[in-house]
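*Asks:* Quick one: the structure is below, and I'll ask about it shortly.
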Amino acid sequence: MMLEAAILCIALNVYHEGLKDEPIEGLFAIAQVTLNRAERKPERVCSVVQARSQFSWTLKPPPVEDGRPWRNAQAVARLSLHTADFTGGATHFHALYISPYWKADMEPLGQWGSHIFYKPKGKK
């Protein structure tokens, strides 16, 4: 049951944070951030996703529309639990078209899909 809940929470995060035409590597990178924040423990995933002010979509969750983006998000979520972290420990990301206040304290790790990924400066 815990694993199914983790998959659903990762899928919702990937679906809402990724663009509807997000390249697959971007979806997987978003999933890796979710897992990294949860210290890669499935039992912590949902609390991390739902934590206050962590992911903007959770403030007023929009509906999920059945279709390819939702099916992709579910597949990425299931596979991500068995995928090594290729982001270098990313815990934060933002879309290319914004410049968040917090990025000055972060080390950029790379761009996957339509997002740039980071970890806190000095963190291994």
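The values are calculated or read from the model by the stated rules, or taken from the named source; none is laboratory data. All values reported here derive from a predicted model rather than from experimental measurement. Every residue, glycine as well, gets a Cβ built from its backbone with ideal geometry; the counts of neighbours run over all protein chains shown. Accessible surface areas use protein heavy atoms only, side chains included; no ligands, DNA or RNA. Shrake-Rupley method; radii C 1.70, N 1.55, O 1.52, S 1.80 Å.
*Asks:* Just to be sure before I move on: is L27 under 18 Å from E65 (Cα atoms), touching a Gly at 6+ places or on another chain (Cβ under 9 Å) and in contact (Cβ under 8 Å) with a residue 24 or more places away in the chain in the structure I sent? Let's see the steps before the verdict.
*Replies:* Working: under 18 Å from E65 (Cα atoms): yes; touching a Gly at 6+ places or on another chain (Cβ under 9 Å): yes; in contact (Cβ under 8 Å) with a residue 24 or more places away in the chain: yes.
Here the answer is yes, as L27 does meet what is asked.
*Asks:* When the residues of region 10-29 are filtered to those that are open to solvent by less than 10 Å² (accessible area, probe 1.4 Å) and out of contact with any strand residue (DSSP E or B) (no Cβ under 6 Å at 6 or more places or on another chain), which remaining residue is modelled with the lowest pLDDT? Please lay out each step first, then the result.
*Replies:* Taking region 10-29 first, the residues open to solvent by less than 10 Å² (accessible area, probe 1.4 Å) are 10-11, 13-14, 18, 26, 29.
Those still in the list that are out of contact with any strand residue (DSSP E or B) (no Cβ under 6 Å at 6 or more places or on another chain) too: 10-11, 13-14, 18.
Numbers: I10: 98, A11: 98, N13: 97, V14: 98, G18: 94.
Looking at residues that are open to solvent by less than 10 Å² (accessible area, probe 1.4 Å) and out of contact with any strand residue (DSSP E or B) (no Cβ under 6 Å at 6 or more places or on another chain), I get G18.
*Asks:* Can you tell me which of (1) under 19 Å from I7 (Cβ atoms); (2) modelled with pLDDT under 95; (3) aliphatic (A, V, I, L, M) is the one I98 doesn't meet?
*Replies:* (1)
*Asks:* Right, G88: over 12 Å from the mean Cα position of the chain (by Cα), within 20 Å of K121 (Cβ to Cβ) and surrounded by fewer than 19 Cβ atoms within 10 Å (Cβ to Cβ) or not? Explain how you work it out, then say what you get.
*Replies:* Details: over 12 Å from the mean Cα position of the chain (by Cα): yes; within 20 Å of K121 (Cβ to Cβ): yes; surrounded by fewer than 19 Cβ atoms within 10 Å (Cβ to Cβ): yes.
Judged against the criteria, G88 is a match.
*Asks:* Yes or no: E43 over 12 Å from I10 (Cβ atoms), touching a residue at least 24 places away in the same chain (Cβ under 8 Å) and open to solvent by 80 Å² or more (accessible area, probe 1.4 Å)?
*Replies:* Values: over 12 Å from I10 (Cβ atoms): yes; touching a residue at least 24 places away in the same chain (Cβ under 8 Å): yes; open to solvent by 80 Å² or more (accessible area, probe 1.4 Å): yes.
In short, yes.
*Asks:* Suppose the filter is open to solvent by less than 40 Å² (accessible area, probe 1.4 Å) and without any contact (Cβ under 8 Å) to a residue 12 or more places away in the chain; does P108 pass it? Lay out the reasoning, then the answer.
*Replies:* Working: open to solvent by less than 40 Å² (accessible area, probe 1.4 Å): no; without any contact (Cβ under 8 Å) to a residue 12 or more places away in the chain: yes.
No.
*Asks:* While we're on this one: Go through region 46-68 residue by residue and tally those that are buried (at least 19 other Cβ atoms within 10 Å of the Cβ) and over 25 Å from W102 (Cα atoms).
*Replies:* Within region 46-68, residues that are buried (at least 19 other Cβ atoms within 10 Å of the Cβ) and over 25 Å from W102 (Cα atoms) number 0.
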